[in-house]
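Everything on this sheet refers to the single structure shown next.
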Amino acid sequence: MNFVSQKYKIIIEKLCYPFSFPVVQVVCYVLYKIVVDLIYMLYLGKTSDYGININVLNVISGYVMVLFFAFWVVRYCTQVRPSSFIMIVFNMIYFIPLTTYCSWGVGSSATLFFGAIFWLELTLLWNVVPSIRIKNKKVEFTKFFFVILFLVTSILTLYVSYRYTGFRIVTSLQHIYEIRAEAATYDLPRILSYFQQFSSIIIPMLILMAFNKKKYILVLIGFVLLIFNFSFAAQKSILFMGILLLFGYIFWKKEMIYLIIPGGMVLGILGLAEKRYLFHEYIISYLFRRQGYLLVQLSDEYYRFFRNNPTDIFRSTFLGKLGFHSPYNLPISKVIGNNYSSQIINCNNGLLADVWSHLGTIGILIMPIILIICFRFFDFACDTLDAKYYVGLAVYCGVLFANTTWSTVLLTHGFIIMCVLFFVFPGKEEKNEKLGIFNK
């Protein structure tokens with residue numbers, strides 16, 4: 001087994017080395033932008049959901065911004081920490097599609113302008129605000145508390161699954177929206193409702209702890225619990241997280257951070273080839289449309305709506321629990337869904353949508369500060385851990401912050417709980433370190 005592990009490490013190092021040069025990363029970043037543009041121009045832009053409206057000035061501005069921010073993307077790749085992965089994900093699924101949608105598509109020039117300011121401040125803050133390092137980690141999750149938490153989580157997960165679904169296991173993604181509609185009708189007691197929300201992050205953390213302790217039977221049990229948790233309301237993100245966790249722990253090597261952007265470029269090319277030669281578009285639809293263009297399209301819809309309507313100022317989220325009343329009778333996501341699709345559906349969105357719905361124009365300056373504080377908290381919690389433990393959850397959190405409001409990510413999706421559990425994570429591993437040809 002050690003022989004296979006050593007061979008795999010050597011292969012990965014040789015594969016990653018050509019991409020460790022800054023100029024190669026910049027070229028891959030620009031090529032990724034070109035591939036994303038082609039996906040929109042050749043396919044998505046021709047559908048009724050989007051549209052093509054070429055703005056030459058925005059096209060030029062978009063490529064100038066991509067070239068400018070490419071330098072910072074190189075910085076993310078040379079500093080292996082949770083926030084680095086989040087920022088790379090942001091660039092791939094949000095920033096680059098934003099430049100395309102507002103250049104080749106029907107996105108507004110104002111959205112591109114404010115997006116550039118938002119991105120510049122977020123990028124600069126990531127580089128300026130230092131990470132807090134752990135000198136002596138004296139708090140650690142004991143075996144007793146691990147066993148208790150695992151037992152309680154197992155019992156409650158199995159009880160919720162039996163009580164409300166009869167131990168249902170969902171094996172197909174074809175009927176997930178019907179399952180979600182059914183789950184919305186379940187009358188869970190408040191404590192079980194909170195548990196069901198938090199379990200989506202607690203169960204993956206328990207799987208990681210079991211991996212760390214080499215308790216592989218508990219790892220298998222954890223994945224069974226993850227399947228039951230997914231089958232309760234058919235949230236694809238739960239399965240996505242499980243795959244990322246498994247891949248991260250088994251296959252991840254620190255040099256592989258250099259492959260993320262080239263990998264995205266290759267996926268885009270495969271998506272174009274799939275559409276051209278196989279006449280279907282699973283890669284384009286599930287990756288580049290759903291986790292890309294749909295996000296920036298909704299952000300643009302949020303901007304257009306709140307330009308002429310009152311800002312919520314978090315009254316529909318955490319301030320609502322303190323007695324403040326929102327000017328809207330529906331959740332903001334459904335307000336946008338009703339305005340956007342002529343039917344009441346959830347149109348969750350984060351980042352720029354958070355700005356327009358909760359803060360207004362001043363949020364362009366405030367929201368990056370909030371996000372960087374969250375990211376540095378994540379960095380602090382994982383400071384002494386090997387990236388293989390947190391890479392999957394870091395990518396998942398990047399997707400979450402782009403898809404929904406930050407306060408929901410912190411509370412409902414368990415970001416704070418995750419950081420606390422990472423802080424008391426058992427076993428001290430190698431510290432996060434800088435990578436790059438200049439450090440070799």
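The values are calculated or read from the model by the stated rules, or taken from the named source; none is laboratory data. For clarity, every value in this text was computed on a predicted model and none was experimentally measured. Virtual Cβ from ideal backbone geometry, glycine too; neighbours counted across all protein chains shown. Just so you know, the surface numbers come from the protein's heavy atoms only, side chains and all, with ligands and any DNA or RNA stripped out. Shrake-Rupley method; radii C 1.70, N 1.55, O 1.52, S 1.80 Å.
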Q. Which of the residue pairs 334/388; 9/275; 143/388; 33/254; 14/388 have a Cα-Cα distance greater than 27 Å in the structure shown?
A. 334/388; 9/275
Q) With the dipole of the chain worked out from charges on the C-beta (+1 for Lys and Arg, -1 for Asp and Glu) around the Cα centre, which of 61, 123, 377 lies farthest toward the positive end? A) 377
Q. Expressed as a whole number of Å, what is the distance separating the alpha-carbon centroids of segment 31-53 and segment 357-388?
A. 30 Å
Q.
Given the options 25, 410, 422, identify the residue whose Cα lies farthest towards the positive end of the charge dipole of the chain (+1 on Cβ of Lys, Arg; -1 on Cβ of Asp, Glu).
A. 422
Q | Accessible surface, per residue, of the chain when the full set of protein chains is kept, probe 1.4 Å, Å² | A | 47 Å²
Q | Test item: Cα-centred dipole of segment 249-332, Lys/Arg +1 and Asp/Glu -1 on Cβ, debye | A | 100 debye
**Q.** Kirkwood hydrodynamic radius (C-alpha pairs) into Stokes-Einstein, segment 7-166, 4 °C and 1.567 mPa s, D in µm²/s
**A.** 66 µm²/s
Q: On each of the three principal axes of the Cα atoms of segment 107-252, give max minus min coordinate, whole Å, ordered largest first.
A: 51, 47, 34
Q. With point charges of +1 on the Cβ of Lys and Arg and -1 on the Cβ of Asp and Glu, referenced to the Cα centre of segment 155-302, which listed residue (248, 233, 282) lies farthest in the positive direction of the dipole?
A. 248
**Q.** Rg and Dmax [Cα atoms of segment 184-331; Å; Rg one decimal, Dmax integer]
**A.** 20.4, 57
Q) Which value, in Å² rounded to 10, gives the accessible area of residue 267 with a 1.4 Å probe and all protein chains present? A) 70 Å²
Q.
My understanding is that a pair violates if its Cα-Cα distance is over 22 Å; which of 46/236; 214/236; 214/253 do that in this structure?
A. 46/236; 214/236
Q. How far is the Cα center of segment 265-335 from the Cα center of segment 72-138, in Å?
A. 18 Å
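By accessible area of protein heavy atoms, probe 1.4 Å, what ranking do 305, 401, 68 get, highest first?
So, going from the largest accessible area down, we get 68, 305, 401.
According to the square roots a ≥ b ≥ c of the eigenvalues of the Cα gyration tensor, what is the shape class of the chain, taking rounded for a/c under 1.5, prolate for a/b larger than b/c otherwise, and oblate for the remainder?
Rounded is the answer for the chain, as its axis ratio a/c remains below 1.5.
Suppose every Lys and Arg Cβ carries +1 and every Asp and Glu Cβ carries -1, with no other charges. What dipole size does the chain come out with about its Cα centre, to the nearest 20 debye? Let's see the in-between values first.
Working: 37 positive and 21 negative charges, 227 e Å.
For this selection, approximately 1080 debye.
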(Q) Restricting to DSSP H runs of at least four residues, report the calculated mean residue ellipticity at 222 nm for the chain, -39500 (n - 2.57) per run over all residues, nearest 500 deg cm²/dmol. (A) -20000 deg cm²/dmol
Q) Packing-wise, with mean Cβ within 10 Å as the measure, how do 44-54, 347-357 rank, highest first? A) 347-357, 44-54
Q.
For residue 215, give me every one of the aspartates and glutamates with a C-alpha distance below 20 angstrom, ignoring sequence neighbours fewer than eight places off in its own chain.
A. 140, 386, 429
**Q.** Cα centroid separation - segment 190-227 against segment 172-188, whole Å
**A.** 21 Å
Q) Using all Cα-Cα distances in segment 252-358, what percent lands in each 5 angstrom bin from 0 up to the longest? A) 2, 11, 16, 16, 13, 11, 11, 9, 7, 3, 1, 0
Q) With all protein chains present, how much of the accessible area of the chain (probe radius 1.4 Å) comes from carbon and sulfur, to the nearest whole percent? A) 67 percent
